[in-house]
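First up is the structure itself, then whatever we jot down about it.
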Amino acid sequence: MAISILGISGSLRSSSSNTALLRACAAIAPADVKITVYEGLDKLPYFSPELDGEGSSPADTVLSLRNKLRAADAVLFSTPEYAFGIPGVLKNALDWLVSSGEFTHKPTGVISASPLATGGDKAHASLVQTLSVMTADIQEESKLIIPIVRTKMDANGNITDPELERSLRTLITYLATKSANGGRH
Ligand SMILES: Cc1cc2nc3c(=O)[nH]c(=O)nc-3n(C[C@H](O)[C@H](O)[C@H](O)COP(=O)(O)O)c2cc1C
């Protein structure tokens, strides 16, 4: 049976390199691995516990994200770094997921990409920390920091750096294998 991976980009930019990376992952994934890129980050309401179970049901957009996560065998994030942290829209989405449990033991890949030499390493560490608190299954093999990303992709979002393509293939295969083995590698 095919393995499904939900890709979540931390960037809303139409020409985002992080979103392009996830689309490139979908294109290079093995035939039995389907990567779908989630597109509703900007449709989620601002999180407040009052909107989540304290007398009211969360918005349909929130329920839809939770359903997509529940249905996915694995999740793959790719995020930019804004002022040494993860973008607010991404943190807002994660706040909606803290108590709902979709990440429990879910094989999860974490990529950060930046035009700078640091590759967004501080956002990467922050995202790993938040997802780990939510008990996502994140191992060394599921982490990738991509420095100077704009030299590694063309204007159409295709990967031009063979080493980057190899790293992405390795990451996808790791997540797929882990999912197929019920979380064990
Ligand atoms: C408000 C703002 C803050 C930023 N802060 C950082 C930063 O702390 N570290 C970094 O590596 N890049 C930073 N950048 C540059 C982003 O890495 C760059 O815009 C990148 O292309 C965003 O990712 P995207 O192409 O997926 O949208 C910042 C950009 C903006 C607009």
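Do you know which residues across segment 46-66 are part of a loop (DSSP other than H, G, I, E, B) and hydrophobic (A, V, I, L, M, F, W, C)?
Correct list: Phe47, Ala59.
Quick test for you: out of Leu90, Leu76, pick the one residue that is touching a Ser or Thr at 6+ places or on another chain (Cβ under 8 Å), within 16 Å of the ligand (Cβ to nearest atom), touching a residue at least 60 places away in the same chain (Cβ under 8 Å) and assigned to a helix (DSSP H, G or I).
From the options Leu90, Leu76, the qualifying one is Leu90.
On the given criteria, is Ser142 small (Gly, Ala, Ser), in contact (Cβ under 8 Å) with a residue 24 or more places away in the chain, within 16 Å of the ligand (Cβ to nearest atom) and crowded, with 21+ Cβ neighbours inside 10 Å?
no
Name the one entry in Leu41, Leu22, Leu76 that is out of contact with any helix residue (DSSP H, G or I) (no Cβ under 9 Å at 6 or more places or on another chain), at pLDDT 95 or above and crowded, with 16+ Cβ neighbours inside 10 Å.
It is Leu22.
Just the residues that are crowded, with 21+ Cβ neighbours inside 10 Å and hydrophobic (A, V, I, L, M, F, W, C), please, taken from segment 1-19.
The answer is Ile3, Ile5, Leu6, Ile8.
Name the single residue, out of those in segment 10-45 being within 18 Å of Arg66 (Cβ to Cβ) and in a strand (DSSP E or B), that is farthest from the ligand (Cβ to nearest atom).
Ranking the qualifying residues of segment 10-45, first place goes to Thr36.
Out of all the residues in segment 147-185, which are of a type outside the set (S, T, N, Q) and part of a loop (DSSP other than H, G, I, E, B)?
Pro147, Ile148, Lys152, Asp154, Ala155, Gly157, Asp161, Gly182, Gly183, Arg184, His185
Of Val33, Val62, which residue is more than 30 Å from Asn158 (Cβ to Cβ), aliphatic (A, V, I, L, M) and crowded, with 18+ Cβ neighbours inside 10 Å?
After ruling out the rest, the residue left standing is Val62.
Can you tell me which residue within segment 113-130, out of those that are within 15 Å of Leu90 (Cα to Cα), in contact (Cβ under 8 Å) with a residue 24 or more places away in the chain and surrounded by fewer than 23 Cβ atoms within 10 Å (Cβ to Cβ), is nearest to the ligand (Cβ to nearest atom)?
Step by step, filter segment 113-130, then rank; the result is Lys122.
Out of Phe84, Phe103, which single residue is loosely packed, with under 14 Cβ neighbours inside 10 Å and of a type in the set (Phe, Trp, Tyr)?
Phe84
The values are calculated or read from the model by the stated rules, or taken from the named source; none is laboratory data. Computed from a predicted structure; not experimentally measured. Neighbour counts run over all protein chains shown; Cβ positions are idealised from the backbone, glycine included.
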